[in-house]
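> Quick one: structure below, then a few questions.
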Amino acid sequence: MTPKLSLVIMFLMSPIGILNASSQCQAGEHSIDGMFLRGHTFMTYPVGLPEMCYFRCEEEVTCQSYNFVIAQRICELNNRTKEATPEDFMPDQRRYYMKRSHNRVPLGSIKELPADTCGEIRASEGEEMIDGIHWIYFEENGEVIEAYCKEGWQKINGEVPVCFGAKDNEYGAFNMTKSGRVKTMKLIHRSGSVHCNPTTGASYWGCTHSRYQGDLTTIITDVDKKPVLPPAYDLKDFGGPEEKPHFYSLPGYHHNSTELVFRTLVNPLSVSNNQEMQIWYGPDMVDRYEENNSGKTCVDVYAFYV
């Protein structure tokens, strides 16, 4: 080893060298004093200098951020950022928090770093999130699966769309692919349309007869035909002793909207993996006004998990 090379190595290993290298690597990110990320530490290290936490984090592919315990000089490596789980970003004057700024692996992009939901990936990565296949937990803190995420939404069906008709109990069935709590769902039109009368126009989501006044009739239910989205309390009927609720208004959406995004549920819906759900055309669901109905609508189904 030449004397010149030896001096370079000694400088880099010195406190000044570490500080300089660390400050260059952490450009664009700054520590946040008096704060820490709670509940996501997967490894701890005692260190001599705080800047060594940066290099410890760099050595671990799943490290997303770290807390530094000041008095004890302990690094707490985290597998999440404060953006992913803002509810866990807490005050603590004994610590400071630092997000990994260099070569951070995006959440959900590798099997070793699965996300809880597509929504968590969106929160973590923001506008840099790439739509496509991501790794998420199949069950809470259990097995992981690959899922298609579009922004914060998880696609439920595969390549084959879910299709529902307009009469004779021709509902479209699909199965949930992840256990958890769902705050809303959306349907994206793939093909087809339905008619409620030979004289009325086609619709992706309802009946264009003037009696419905633009309201929609596409309803997601559980396996027992209990309305889930919209919930039963949002459904209307025409009045009268034999009428049953089967249509609703959804501001911002109409008969030929390319997608149908339901309102967010006040109380998220608990679902289990492989649980069957159904898509019904309202009149078919309540066995009313369906004799002249025709057609079929095919959709992709997306869920937004909490």
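> Rounded to the nearest 10 Å², what accessible area does Trp153 show when all protein chains are kept and the probe is 1.4 Å?
Per-residue accessible area (Trp153): approximately 30 Å².
> Tell me, what ³J(HN,Hα) does each residue in region 116-129 have, in order and in whole Hz, if you take phi through Karplus 6.51 cos²θ - 1.76 cosθ + 1.60 with θ = phi - 60° and put x for Gly and Pro?
6, 8, 5, x, 5, 4, 4, 5, 6, 9, x, 5, 7, 4
> Report the full-extension gain for the segment Leu49 to His254: residue separation times 0.36 nm, less the Cα-Cα distance, to one decimal in nm.
67.7 nm
> Continuing with the same structure: Which entry in (i) 51, 45, 37; (ii) 92, 38, 32; (iii) 62, 48, 29 is this structure's computed Cα extents along the principal axes in Å?
The value matching this structure is (ii).
> Can you send over the carbon and sulfur percentage of the accessible area for the chain, probe radius 1.4 Å, protein chains only?
Heavy-atom surface of the chain belonging to carbon and sulfur, 1.4 Å probe: 52 percent.
> Let me ask another. Would you kindly derive the ³J(HN,Hα) couplings of region 45-59 from the backbone phi angles with the Karplus curve 6.51 cos²θ - 1.76 cosθ + 1.60 (θ = phi - 60°), listing them in order in whole Hz, with x for Gly and Pro?
9, x, 9, x, 10, x, 5, 5, 4, 4, 6, 4, 5, 4, 6
> Rounding to the nearest 20 debye, state how big the charge dipole of region 28-133 is about its Cα centre with +1 on each Lys and Arg Cβ and -1 on each Asp and Glu Cβ.
The dipole magnitude comes to about 380 debye.
> Still on this structure, please answer the following. Would you grab the residues whose amide H sits under 5 Å from the one on Val144? Only those 5+ places off in sequence or on another chain, please, with H modelled 1.01 Å from N.
Distant-sequence amide H within range of Val144: Phe138.
> Moving on to the next point. Between Ile74 and Ser272, what is the label-to-label distance in nm when each label sits 7 Å out along the Cα-to-Cβ direction?
That separation, rounded to one decimal, is 3.9 nm.
> Quick one: dipole size for the chain, taken about the Cα centre, charges +1 on Lys/Arg Cβ and -1 on Asp/Glu Cβ, in debye to the nearest 20.
700 debye
> Moving on to the next point. In nm, to one decimal, how far is the Asp222 label point from the Thr200 one, both placed 7 Å along Cα→Cβ?
Label at Asp222, label at Thr200, 3.0 nm between them.
> Return the long-range amide H neighbours of Asn157 (sequence gap of 5 or more, or a different chain), with a cut-off of under 5 Å between placed amide H atoms.
Amide H neighbours of Asn157: Val301.
> Mean separation of Cα pairs under 8 Å and 6+ residues apart, divided by the residue count of the chain: what relative contact order is that in percent?
18 percent
> Of Leu250, Val306, Gln278, which is farthest on the positive side of the dipole of region 249-306, counting Cα position, with +1 on Lys and Arg Cβ, -1 on Asp and Glu Cβ, and the Cα centre as origin?
So the residue we want is Val306.
> Give me the Kirkwood hydrodynamic radius of region 232-306, using the inverse of the mean 1/r over all pairs of distinct Cα atoms, in Å to one decimal.
For region 232-306, inverting the mean 1/r across all distinct Cα pairs yields 15.1 Å.
> Let me ask something else. Could you tell me which of Gly152, Cys163, Gly142 has its Cα farthest along the dipole of region 127-171 towards the positive end, charges placed at Cβ (Lys, Arg +1; Asp, Glu -1), taken about the Cα centre?
So the residue furthest toward the plus end is Cys163.
> Can you tell me how much longer the chain between Glu128 and Asp88 gets when fully stretched, taken as 0.36 nm per residue apart minus their C-alpha distance, in nm with one decimal?
Contour length minus Cα-Cα distance gives 12.2 nm.
The values are calculated or read from the model by the stated rules, or taken from the named source; none is laboratory data. Values in this document were obtained by computation on a predicted structure and should not be read as measured data. Using ideal geometry, Cβ is built from the backbone for each residue, glycine included, and neighbour counts are taken over all protein chains shown. Areas reflect the complete protein model, heavy atoms only, side chains present, ligands, DNA and RNA absent. Shrake-Rupley method; radii C 1.70, N 1.55, O 1.52, S 1.80 Å.
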